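**Student:** Below is one structure. I have some questions about it.
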Amino acid sequence: MKITVKDIDLKDKTILLRCDYNVPLKDGVILDNSKILSSLDTIKYLLENNCKIIILSHLGKVKNEEDKKKYSLIMVKDELSKLLNKEIVFSPFTSGIKLNEVVNKCENGDIILVENTRFEDIPNNLESSNDSQLALSWSELTDVFVNDAFASSHRKHASTYGITKYLESVIGLSMEKELLMLEKITNNIERPYTVIMGGAKCDEKIPLIKNIINECDYLLLGGGIANTFLKALGLEVGMSLVSEKEINEIKQILINNKNKILLPIDVIVGNETNDNYINHKNINEVTSSEVIFDVGLNTIAMYNEIIEKSKTIFVNGTMGKYEEFKYSNGTKALLANLKDSNAKVYFGGGDSVSAVNSLGYSDAFEYLFTGGGATLEYLIDKNLPCLSVIKDK
Ligand code: ADP
Ligand code: MG
């Protein structure tokens, strides 16, 4: 295990704490506060040690000024403040002299939440390209770096990876909890082992399938990931979310793993220009103007046959656009089946966990990991980049 906040002397120090507050949002409202809740143990521990705490986090992808309005961490500040019952100082400045001034005005026992680190991605992608000057400037604010952002530990960014070069670095208590659980699972995976993947982040997750397919016994797909596989099979998916650049590789994955991969046999389609249009289609009936937004219940029934014979199941991503009520049935039906199954079921990912919580099922499953991509990468190779730069105990 990596060294944690409890292994070093933090008393009265200034701490740079990296959290993952990349919370699921709908219309500017936080849909699920699990990620914020999971950060509280470390924050409380640091407060007990009379630390000054500077919190960094990203939220969403920030490509333009419009994104800055959408992805401000100000609503996270309000939620965190409510959960801790404590005033939080918010710095709209993400680096430089003005951030220094905010930090210098604060005292031990204060918490400063810095605006979205990805605001530094405009215009030069500094945070996401792991810029060393940016990492260095953050390191100068503080004595120790605490990484408690498990969900971000598979990406080398300035605030998660680069910064460890300049500071004594340890992991936080939420990160430790997730790693202990992952170690336990990977030491003894009971088979059949089924992975269920859906959701929207096709570019990030489809490359992982190449490896995860060698680990698991079955792979059940939904969401944009399934659409991409359907398209690779030559089926019409209309205007659905797909990842074009992966199509050729997927063809090969499908050929090599015919009996392992299951794809939707029926879907719920909408139309981007007509909000009132909704239809149930067999998978070979989708037309060029339609958009697949959910899987159908025949698909869920087929997937349930695999679920019933599985002993371990890992789920990342939703079956459809579950935030919209009319496209949430596939996800809801899948989760209800998983709740009733005898398998050990694990979830990972902001939206996946949000869907579980919104149905009140959080206690029905073995463990809910905050990160989808990070958990999948750990299941493939335990050496997550941001952990490899933190010392072992
Ligand atoms: P997680 O946050 O659990 O890692 P993702 O972010 O990858 O999962 O996936 C969840 C998102 O995928 C949701 O916002 C959902 O609306 C979207 N999604 C799922 N299926 C579709 C689809 N068919 N078309 C468009 N978006 C989809
Ligand atoms: Mg998500």
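**Student:** Among the residues that make up the range 45-61, is at least one of them part of a helix (DSSP H, G or I) and among the hydrophobic types (A, V, I, L, M, F, W, C)?
**Tutor:** Yes, the range 45-61 contains a residue that is part of a helix (DSSP H, G or I) and among the hydrophobic types (A, V, I, L, M, F, W, C).
**Student:** Given the criterion more than 26 Å from Ala364 (Cα to Cα), more than 16 Å from ligand 2 (Cβ to nearest atom) and of a type in the set (D, E, K, R), identify the matching residue among Lys258, Lys309.
**Tutor:** Lys258
**Student:** Now a separate question. Scan the helices (runs of 4 or more DSSP H) fully inside the range 157-267 and keep the ones with 1 or more residues being more than 27 Å from Ala333 (Cα to Cα).
**Tutor:** Here the list reads 173-187, 202-215, 247-256.
Conditions tested, residue by residue: (1) modelled with pLDDT under 95; (2) over 22 Å from Tyr378 (Cα atoms); (3) buried (at least 24 other Cβ atoms within 10 Å of the Cβ).
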{"site": "Lys210", "(1), (2), (3)": "yes, no, no"}
{"site": "Gly234", "(1), (2), (3)": "no, yes, no"}
{"site": "Gly238", "(1), (2), (3)": "no, yes, no"}
{"site": "Thr273", "(1), (2), (3)": "yes, yes, no"}
{"site": "Lys281", "(1), (2), (3)": "no, yes, no"}
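**Student:** Can you tell me which residue within the range 4-33, out of those that are part of a strand (DSSP E or B), out of contact with any Pro (no Cβ under 9 Å at 6 or more places or on another chain) and hydrophobic (A, V, I, L, M, F, W, C), is farthest from ligand 1 (Cβ to nearest atom)?
**Tutor:** Result: Ile15.
**Student:** Inside the range 333-357, can you point out the residues that are surrounded by fewer than 20 Cβ atoms within 10 Å (Cβ to Cβ), assigned to a helix (DSSP H, G or I) and of a type in the set (D, E, K, R)?
**Tutor:** Correct list: Lys339, Asp340.
**Student:** If you check Ser34, Ser72, Ser81, which single one turns out to be within 16 Å of ligand 2 (Cβ to nearest atom) and of a type in the set (Gly, Ala, Ser)?
**Tutor:** Ser34
**Student:** Which of the residues spanning the range 295-321 are touching a helix residue (DSSP H, G or I) at 6+ places or on another chain (Cβ under 8 Å) and assigned to a loop (DSSP other than H, G, I, E, B)?
**Tutor:** Correct list: Gly296, Gly317, Thr318, Met319, Gly320, Lys321.
**Student:** Mind listing just one residue for me: the one in the range 358-393 that is under 14 Å from the mean Cα position of the chain (by Cα) and not in a loop (DSSP other than H, G, I, E, B) and, of those, farthest from ligand 1 (Cβ to nearest atom)?
**Tutor:** Result: Tyr378.
**Student:** If you scan the range 293-333, which residues turn out to be farther than 13 Å from Pro264 by Cα and away from ligand 1 (no atom under 16 Å from the Cβ)?
**Tutor:** Glu305, Ile306, Ile307, Glu308, Lys309, Ser310, Lys311, Thr312
**Student:** Quick one: which residue in Ser153, Ser240, Ser169, Ser159 is in contact with a strand residue (DSSP E or B) (Cβ under 6 Å, 6 or more places away or on another chain), of a type in the set (Gly, Ala, Ser) and within 16 Å of ligand 1 (Cβ to nearest atom)?
**Tutor:** Just a single option satisfies the conditions, and that option is Ser240.
The values are calculated or read from the model by the stated rules, or taken from the named source; none is laboratory data. Predicted model only: the values in this text are computed from it and were never measured. Quick reminder, even Gly has a Cβ in these numbers, built from the backbone with ideal geometry, and neighbours come from all protein chains shown.
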